[in-house]
Number of protein chains: 2
Amino acid sequence: MKIQLTDKVIKRLTLYHYILFDYIEKNIEFISSPQIAKLLNIDDSQVRKDIKLLNNTGKCKVGYEVKCLKKSIEKMLGFENPKNAFIIGAGNLGMALAKYTNFKDYGLNIMALFDIDKSKVDVVVNFKKVFDVEKLPDLAKKLNVEIAILTVPRAYAQETADFLIKSNIKYIWNFTPTVLKVPSDVIVWNENLIGNFLHFTLNHN
Amino acid sequence: MKIQLTDKVIKRLTLYHYILFDYIEKNIEFISSPQIAKLLNIDDSQVRKDIKLLNNTGKCKVGYEVKCLKKSIEKMLGFENPKNAFIIGAGNLGMALAKYTNFKDYGLNIMALFDIDKSKVDVVVNFKKVFDVEKLPDLAKKLNVEIAILTVPRAYAQETADFLIKSNIKYIWNFTPTVLKVPSDVIVWNENLIGNFLHFTLNHN
């Protein structure tokens, strides 16, 4: 009985989760939908509609008890079954993502980083080790990793993707400003930072 | 005669731009809409529809001449009038964004970085200097900067945002996993990396 969630619902649920996290840190036990709506500058009815979706996965009086609502969102978004991933490219962006506070809490388990630069090999960041990229095929198999987060420079994006695909990577979260050519059984998700930025500024000027 | 572009159109146009950039590097002069469609795994009619939007801003036979199509997209998306921005937080993510190949080509002109950590002050990354955050109010005024890219740790996000707002920052591109409380005349764009990731994995498993 899996519910297909739209992009927008997923993003809102993640934001609700941020708010609930903050409430828990402040030891606040209850929250109302208008409080959430106000913080996000959206309509209260939207919040209630989203929370209603969660009722399918939990039995608590969601929409009021902070901890319970947080748990319901986590269940709905699959945080309990984290997915293993590798970061390819241990530059600033790769390092930033490896350090990113709480990817693990959100269902993304970064196992290791890879780089072609030997001087970066064996560096440890946030308990994750940088390996020579040559070791990737073997480690992907051993650790059962099918997700790669691509943060190499633009000029190396396609050849790195080709190498990942040969190593049985099936999902590429692409942070490079390139469109990758991949076979039909490989899924690419373009993290389009520039598009996001433009959406932000073009619609507010 | 400004056309309001949806999020999806902007993102697709940015991806077309990546492809055109690549074609120019390879000295390929012409491109067809089916070629673009195939690379992005979308419908040809969608590409033609998007390109049609551009006809309003250019006179060349767009959809065929690579350089001309690229220029039309740049005009449509406002790359010719770059916006000035500051990065707040010179950690890995802030540094990665400061280095990000070509934000400037895409209309985002990062003027400087700011940090509270004195050991980072005066570091130069990609021709951009890190300043003590105390200098921000003055520099924002002098350089006429209204956009801040927030990459500080979660725990400092709200107090940093409060400080930015006091310094007349009007747009916050928020990379922290928090929901910021801001007055109604300040626009926050949440760069929801976790939401993006979840959308990617939840809908492909």
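The values are calculated or read from the model by the stated rules, or taken from the named source; none is laboratory data. Remember, predicted model here, so these are calculated numbers, not experimental data. Glycine gets a Cβ as well: all are built from the backbone with ideal geometry, and neighbour counts include every protein chain shown.
Annotations
- Hits in segment B:69-102 - residues which are within 24 Å of residue B:142 (Cβ to Cβ), within 7 Å of chain A (Cβ to nearest Cβ) and either surrounded by fewer than 22 Cβ atoms within 10 Å (Cβ to Cβ) or among the basic types (Lys, Arg) (or both): B:78, B:83
This table checks each residue for (1) assigned by TED's automatic domain parsing to the domain that holds residue B:117; (2) of a type in the set (S, T, N, Q); (3) closer than 24 Å to residue A:192 by Cβ.
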site	(1), (2), (3)
B:146	yes, no, yes
B:149	yes, no, yes
B:152	yes, no, yes
B:163	yes, no, no
B:167	yes, yes, no
B:174	yes, yes, yes
B:183	yes, no, no
B:188	yes, no, yes
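- Here segment B:143-173 is the region considered, the condition is being in contact with a Ser or Thr (Cβ under 9 Å, 6 or more places away or on another chain) and polar (S, T, N, Q), and the residue that is farthest from the other protein chains (Cβ to nearest Cβ) is B:160.
- Per the listing A:93, A:108, A:77, the residue uniquely within 30 Å of residue A:30 (Cβ to Cβ) and in contact (Cβ under 8 Å) with a residue 60 or more places away in the chain is A:77.
- In segment B:56-65, the condition of being over 30 Å from residue B:154 (Cα atoms), within 14 Å of chain A (Cβ to nearest Cβ) and under 22 Å from the mean Cα position of the chain (by Cα) is met by at least one residue.
- Test: residue A:25 is acidic (Asp, Glu), outside the structural domain of residue A:105 (by TED's automatic domain parsing) and closer than 22 Å to residue B:176 by Cβ: yes
- Taking the conditions (1) modelled with pLDDT of 95 or more; (2) buried (at least 16 other Cβ atoms within 10 Å of the Cβ); (3) not charged (D, E, K, R) in turn, residue A:137 satisfies each one other than (2).
- Of all the residues in segment A:174-205, those that are within 7 Å of chain B (Cβ to nearest Cβ) and in contact (Cβ under 8 Å) with a residue 60 or more places away in the chain number 0.
- Residue A:71 satisfies every condition listed in (1) in contact with a helix residue (DSSP H, G or I) (Cβ under 9 Å, 6 or more places away or on another chain); (2) part of a helix (DSSP H, G or I); (3) closer than 25 Å to residue B:153 by Cα except (1).
- Sole exception among (1) touching a Pro at 6+ places or on another chain (Cβ under 9 Å); (2) touching a residue at least 40 places away in the same chain (Cβ under 8 Å) for residue A:100, by number: (2)
- Members of segment A:117-126 found to be touching a residue at least 12 places away in the same chain (Cβ under 8 Å) and over 25 Å from residue B:197 (Cα atoms), listed by number: A:117, A:118, A:120, A:123
- Matching residues in segment B:28-56 - criterion: being part of a loop (DSSP other than H, G, I, E, B) and either among the polar types (S, T, N, Q) or assigned by TED's automatic domain parsing to the domain that holds residue B:190 (or both): B:32, B:41, B:55, B:56
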